[in-house]
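Asks: Just dropping this structure here.
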Amino acid sequence: MGKYVFGIDVGGTTIKMGLFDVEGQLLDKWEIETRTHNNGEDILPDISKAVTSKMEEKGIEKADVAGVGIGVPGPVNDSGIVQGCVNLGWGKVNINKDLGERVGLPVKAGNDANVAALGEMWKGGGQGYSHLVVVTLGTGVGGGVIIDGKIISGASGAGGEIGHIHVQDGEAETCGCGNHGCLEQYASATGIVRLAERKLASTKVKTKLKAGSVTAKDVWDEVKAGDLIAESIAEEFGDYLGKGLAAIAAVTNPEAFVIGGGVSKAGDVLLDYITKYYKQYVFKGSRDATFKLATLGNDAGIYGAAKLVLV
């Protein structure tokens, strides 16, 4: 195995890139633009060019590189084939083969949320655990399930889509996936806003939260300040997420849950509401799972992509 490995995290706007040694030390990181025009035909050539240029800049030979790991926003199967990435304009692409041929190095691709989960296990909030679930609370709810140190991606790469566990019957609004009552509709940043707007429309209790302009951050700031309405929204959020994570635990029996994404910036108070309801709903065999905050932030994807090559 080589001394170095590249980790690539492909987003809809930018591609984050990292050069690591095989022990996981980040040696360099940089970004390039994600050029999505013409169905994203330039994305893999741009990545290949950027990797090759970095190797030339650092004087690194191909023989010294273990490979290139890459996370993309879509389901990826074990062969590195993605059936489509809407944000990138891609249809079916064999990433391992196409990028591997261009760059002349072994390539391993995975779903971006799963890959970020691997990063948190390797060098983030999940260090020391090999059975864990990483939950990303951002605009949506993403996640990654890791069993025995390996990502569970499933038959078509759609494993770990925890935001789309059904947690509520009778929901009128449609989730981004087309279904109704998904966890993402209540536990994401936009979901918390939805809960808040509904609560504000139905209460006469005095609160500092303002209908029409409330954000998820506002809710958690007011929870910390003791606002009763904010606390009731947090209870509802905790109920939904605790229930969803209890369902995941019944299948995966993790040692730990690692909570990341923008919403996790609320800190430990967030974990208090989640664990309260998790313990209420979970099967006793998984009741002792630890809850941690993610620590790698936006770098989780490049760390996890690098680890993908080394697993």
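The values are calculated or read from the model by the stated rules, or taken from the named source; none is laboratory data. Computed from a predicted model, the values in this text were never measured in an experiment. Neighbour counts run over all protein chains shown; Cβ positions are idealised from the backbone, glycine included.
Asks: So, in the stretch 82-136, exactly how many residues are within 21 Å of Glu161 (Cβ to Cβ), in contact (Cβ under 8 Å) with a residue 24 or more places away in the chain and part of a helix (DSSP H, G or I)?
Replies: Final tally of qualifying residues: 13.
Asks: Output yes when any residue across the stretch 54-71 is small (Gly, Ala, Ser) and more than 28 Å from Gly160 (Cβ to Cβ), and no when none is. If you could, list the steps in order and put the result at the bottom.
Replies: Step one: list which residues in the stretch 54-71 are small (Gly, Ala, Ser), which gives 59, 63, 66-67, 69, 71.
If we keep only those that are more than 28 Å from Gly160 (Cβ to Cβ) as well, we get 59, 63.
Yes, the stretch 54-71 contains a residue that is small (Gly, Ala, Ser) and more than 28 Å from Gly160 (Cβ to Cβ).
Asks: Another one. One residue is enough: does the stretch 21-30 have a residue meeting the conditions in the same structural domain as Pro75 (by TED's automatic domain parsing), of a type in the set (S, T, N, Q) and at pLDDT 95 or above? Before the answer, list the steps.
Replies: First, the residues of the stretch 21-30 that are in the same structural domain as Pro75 (by TED's automatic domain parsing): 21-30.
Now narrow it down to the ones that are of a type in the set (S, T, N, Q): 25.
With at pLDDT 95 or above added as a condition, the list becomes 25.
Among the residues of the stretch 21-30, at least one is in the same structural domain as Pro75 (by TED's automatic domain parsing), of a type in the set (S, T, N, Q) and at pLDDT 95 or above, which makes the answer yes.
Asks: So, one more: Conditions: (1) of a type outside the set (A, V, I, L, M, F, W, C); (2) more than 25 Å from Gly159 (Cβ to Cβ); (3) touching a Cys at 6+ places or on another chain (Cβ under 7 Å). Pro73 meets all but one. Number of the miss?
Replies: Every condition holds for Pro73 apart from (2).
Asks: Ok, one more. Can you tell me which residue is nearest to Asp299 (Cα to Cα) among those in the stretch 78-96 that are among the polar types (S, T, N, Q) and at pLDDT 90 or above? Full working, then the answer.
Replies: As a first pass, look at the stretch 78-96 and keep what is among the polar types (S, T, N, Q): 79, 83, 87, 94, 96.
Narrowing further to those that are at pLDDT 90 or above: 79, 94, 96.
On the way: Ser79: 25, Asn94: 25, Asn96: 22 Å.
If we take residues in the stretch 78-96 being among the polar types (S, T, N, Q) and at pLDDT 90 or above, then Asn96 is nearest to Asp299 (Cα to Cα).
Asks: Tell me which of these Glu197 doesn't satisfy, since it passes every other one: (1) more than 26 Å from Phe20 (Cα to Cα); (2) in contact with a helix residue (DSSP H, G or I) (Cβ under 7 Å, 6 or more places away or on another chain).
Replies: For Glu197, the failing item is (2).
Asks: Could you identify the single residue in Ile165, Ile192 that is farther than 30 Å from Lys108 by Cβ and surrounded by 13 or more Cβ atoms within 10 Å (Cβ to Cβ)? Show your work before the answer.
Replies: Working: Ile165 fails: farther than 30 Å from Lys108 by Cβ.
Only one candidate passes the filter, namely Ile192.
Asks: Taking into account only those residues within the stretch 291-300 that are in contact (Cβ under 8 Å) with a residue 40 or more places away in the chain and closer than 21 Å to Pro254 by Cα, which is surrounded by the most Cβ atoms within 10 Å (Cβ to Cβ)?
Replies: Once the filter is applied, the top-ranked residue is Ala300.
Asks: Let me spell it out: the conditions are (1) assigned to a loop (DSSP other than H, G, I, E, B); (2) touching a helix residue (DSSP H, G or I) at 6+ places or on another chain (Cβ under 6 Å); (3) surrounded by 14 or more Cβ atoms within 10 Å (Cβ to Cβ), and His180 meets all of them except one. Which number is the exception?
Replies: Exception for His180: condition (2).
Asks: Here's a follow-up. Based on what the data block shows, is Gly40 of a type outside the set (A, V, I, L, M, F, W, C), over 25 Å from Lys3 (Cβ atoms) and in contact (Cβ under 8 Å) with a residue 40 or more places away in the chain? Steps first, answer last, please.
Replies: Numbers: of a type outside the set (A, V, I, L, M, F, W, C): yes; over 25 Å from Lys3 (Cβ atoms): yes; in contact (Cβ under 8 Å) with a residue 40 or more places away in the chain: yes.
So Gly40 passes the test.
Asks: Sticking with this structure for a sec: From the set of residues in the stretch 100-119 that are under 16 Å from Met55 (Cα atoms) and touching a strand residue (DSSP E or B) at 6+ places or on another chain (Cβ under 7 Å), which is surrounded by the most Cβ atoms within 10 Å (Cβ to Cβ)? Even if it seems obvious, please write down each step before you answer.
Replies: Keep residues of the stretch 100-119 that are under 16 Å from Met55 (Cα atoms), which gives 100, 102-107.
Keeping just the survivors that are touching a strand residue (DSSP E or B) at 6+ places or on another chain (Cβ under 7 Å) gives 100, 103, 105-107.
Numbers: Gly100: 20, Val103: 23, Leu105: 21, Pro106: 15, Val107: 28.
Out of the qualifying residues, it is Val107.
Asks: Among the listed residues Gly170, Gly191, which satisfies the condition of being part of a loop (DSSP other than H, G, I, E, B), more than 13 Å from the chain's Cα centre (by Cα) and small (Gly, Ala, Ser)?
Replies: Values: Gly191 fails: part of a loop (DSSP other than H, G, I, E, B).
Residue meeting the stated conditions: Gly170.
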